[in-house]
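K.L.:
Pasting a structure here, questions to come.
The values are calculated or read from the model by the stated rules, or taken from the named source; none is laboratory data. Since this is a predicted model, take the numbers as computed values, not measurements. Positions of Cβ are backbone-derived with ideal geometry, glycine not excepted, and every protein chain shown enters the neighbour counts. The protein model used for the area step is the full one, side chains on, heavy atoms only, and it has no ligands, DNA or RNA in it. Shrake-Rupley method; radii C 1.70, N 1.55, O 1.52, S 1.80 Å.
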Amino acid sequence: MNPLFLTDGYKTGHHQQYPKGTTLVYSNFTPRSNKYAPKGCDQLVSFGQQMVIKQIHEAFDKDFFSKPKDEVCGEMKRELSMYLNTDYDVSHFEALHDLGYLPIIVKTIEEGTLVPMRVPVLTIYNTHPGFYWITNYLETVISNLLWKPMTSATIAHAYRKLFTSWQEKTDAEKGWFVDWQAHDFSMRGLDSIDATISSGLGHLTSFSGSDSLPAIFGARKFYNEEGFVAGSVNATEHSVMCAGSKEDEVGTFRNLMETYPTGILSIVSDTWDLWKVCTEHIVTLKEEILARDGKVVIRPDSGDPVDIICGKVFPLGTTLLGSQISESKGVIELLWDVFGGTINEQGYKVLDSHIGAIYGDSITIERANEICTRLEAKGFASTNIVLGVGSFTYQFNTRDTFGFAMKATYVEVNGEGREIFKDPITDDGIKKSAKGLLRVAKNEDGEITLFDQVNWYDESKGMLKTIYLNGQFENQTTLTEIRERLKLA
């Protein structure tokens, strides 16, 4: 697609609407509010800027600058003339093609940094006076591409903080486990492969487990990652279990363990009767499971996740019958009844290393916390469970989850700088923008803070560092570096 289409229709006339003599437009991309964000998302993870600018650069390089000017500019003249019902002048597009590169400078907060609300994570302005219009022409595509990876990275970090707090309380020796405690199952519920890459990479800033394979490609392409990106285990699905037949489910388990005699093996266990699996099948297979060099993971994915994992709470005085006894215990306690385990130094139960559990449906931060809370109340460490985090977490978001917006705060007209801002009288203050040139730096208390209305010298000395200048990339980072920064944040 011609990348000049990657904008809102109304922007195609803005080059004519700025004051005569405009030579520079300076804008910023900022999270304005976490009002609609999940609990625990108090700060934003700066992430995705390098990927997004690479995507934009590639689109212009491949589908605009590398193609004949008459072809790409002629296409815009033809389409926009019909779109606007006028003879559309494309001379500004032709001048851009003649220039041969995007005349912009993009600065960002280092990716992997935790940033407070209302602090810019990206600034952009034109470097050539004739192309003042390009800054906000790119607003739409920047917003379109950037809000999702940043939102998913921030939510993933909130999960990690939650799991870390419970791990430190209930199983202090197993800090490594948190890297794998949230596993990305979101791909089938996201709205595109591009979303899988951007959201999947956001997840991987805080975790190592993922079934979203396109995210690995994204890490290589956009973050120059050469080593480990993500990992998973051998795992079944319902079709496998059904093919083995309900009558011989034990045989299916046994065949799977013979196929994978070592390592972690995740077996979906609620195709028919989860409670029968947890009270009969694994008893039958107990010695084989214990003799195996690895861990068998029981995986239910239907029902209320909190009750399935931790046990259903029945009304006082209820006489429990049949499967209700199993329901009242939940998967973790039932596995303990069969395999036992150890009591760690903090006094919490840790399942035998040959058995474990994962639940991967309808998980939220609130449910994850409730699961850990109820496990702890029953004397179990939080590290007895892995949670599959899917589209219920990563797809139910919008640009407004963190109130992202890109706004111009400074222009130059006839050689004179103008500090500009918006502050709608009908708004509650969220849409009020910063003013003038911007500097992001730590204040006297060490908190990352926005200082607006600064001069060009101060603007250049803050935490916003150049990553792209006139078609060239600078200060690139890797996923590994981003992960390390977040762990230290």
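K.L.:
With respect to the numbered conditions (1) under 30 Å from Leu201 (Cβ atoms); (2) in contact (Cβ under 8 Å) with a residue 60 or more places away in the chain; (3) assigned to a helix (DSSP H, G or I); (4) not basic (Lys, Arg), which one is the sole condition not fulfilled by Met76?
P.N.:
Met76 satisfies every listed condition except (1).
K.L.:
Continuing with this model, one more query. Return yes or no: is Asp211 at pLDDT 95 or above, among the acidic types (Asp, Glu), under 30 Å from Thr30 (Cβ atoms) and open to solvent by 20 Å² or more (accessible area, probe 1.4 Å)?
P.N.:
no
K.L.:
A further question follows. Looking for something among the acidic types (Asp, Glu), surrounded by 15 or more Cβ atoms within 10 Å (Cβ to Cβ) and out of contact with any Leu (no Cβ under 9 Å at 6 or more places or on another chain) - is there at least one such residue anywhere in segment 184-207?
P.N.:
no
K.L.:
The conditions are (1) at pLDDT 95 or above; (2) β-branched (Val, Ile, Thr); (3) touching a Gly at 6+ places or on another chain (Cβ under 8 Å), and Ile430 fails exactly one of them. Which is it?
P.N.:
(1)
K.L.:
Let me ask something else. Which members of segment 54-70 meet the condition of being under 9 Å from His97 (Cα atoms) and open to solvent by less than 30 Å² (accessible area, probe 1.4 Å)?
P.N.:
Result: Phe64, single match.
K.L.:
Are there strands (runs of 3 or more DSSP E) fully within segment 413-489 with at least 1 residues that are among the acidic types (Asp, Glu)? List them. Spell out the reasoning first.
P.N.:
Numbers: elements: 416-419, 437-442, 448-454, 464-469.
It comes to 416-419, 448-454.
K.L.:
Would you mention how many residues in segment 1-28 are among the basic types (Lys, Arg) and within 22 Å of Leu84 (Cα to Cα)?
P.N.:
Of the residues in that region, 1 qualify.
K.L.:
Where residues in segment 77-94 are crowded, with 17+ Cβ neighbours inside 10 Å and within 36 Å of the chain's Cα centre (by Cα), which of them is farthest from Asn470 (Cα to Cα)?
P.N.:
Residue satisfying both the conditions and the ranking: Leu80.
K.L.:
Do you know which residues across segment 384-433 are open to solvent by less than 30 Å² (accessible area, probe 1.4 Å), within 27 Å of the chain's Cα centre (by Cα) and among the aromatic types (Phe, Trp, Tyr)?
P.N.:
Matches in segment 384-433: Tyr394, Phe402, Phe404.
K.L.:
I want to confirm something. Restricting to segment 368-383 and keeping residues that are closer than 21 Å to Lys39 by Cβ and open to solvent by less than 30 Å² (accessible area, probe 1.4 Å), which single residue is farthest from the chain's Cα centre (by Cα)? Working first, answer last.
P.N.:
Residues of segment 368-383 that are closer than 21 Å to Lys39 by Cβ, as a first pass: 368-377, 382.
Applying the additional criterion that residues be open to solvent by less than 30 Å² (accessible area, probe 1.4 Å) yields 368, 371-372, 375, 382.
Values: Ala368: 17, Ile371: 22, Cys372: 22, Leu375: 27, Ser382: 23 Å.
Looking at residues that are closer than 21 Å to Lys39 by Cβ and open to solvent by less than 30 Å² (accessible area, probe 1.4 Å), I get Leu375.
K.L.:
Let me ask another. Restricting to segment 401-412, give me the number of residues that are closer than 15 Å to Pro120 by Cβ and part of a strand (DSSP E or B).
P.N.:
Selection size over segment 401-412: 7.
K.L.:
Mind telling me which of the residues Val240, Val178, Val250 ends up being farther than 23 Å from Val141 by Cα and under 17 Å from the mean Cα position of the chain (by Cα)?
P.N.:
Exactly one of Val240, Val178, Val250 is farther than 23 Å from Val141 by Cα and under 17 Å from the mean Cα position of the chain (by Cα), namely Val178.
K.L.:
Would you check which residues across segment 95-139 are acidic (Asp, Glu) and either open to solvent by less than 40 Å² (accessible area, probe 1.4 Å) or within 25 Å of the chain's Cα centre (by Cα) (or both) and list them? If you could, list the steps in order and put the result at the bottom.
P.N.:
We begin by selecting, within segment 95-139, every residue acidic (Asp, Glu); these are 98, 110-111, 139.
Selection gives Glu110, Glu111, Glu139.
K.L.:
Kindly state which strands (runs of 3 or more DSSP E) lie completely within segment 255-367 and contain at least 2 residues that are at pLDDT 95 or above and surrounded by 18 or more Cβ atoms within 10 Å (Cβ to Cβ).
P.N.:
Here the list reads 262-268, 293-299, 349-351, 355-359.
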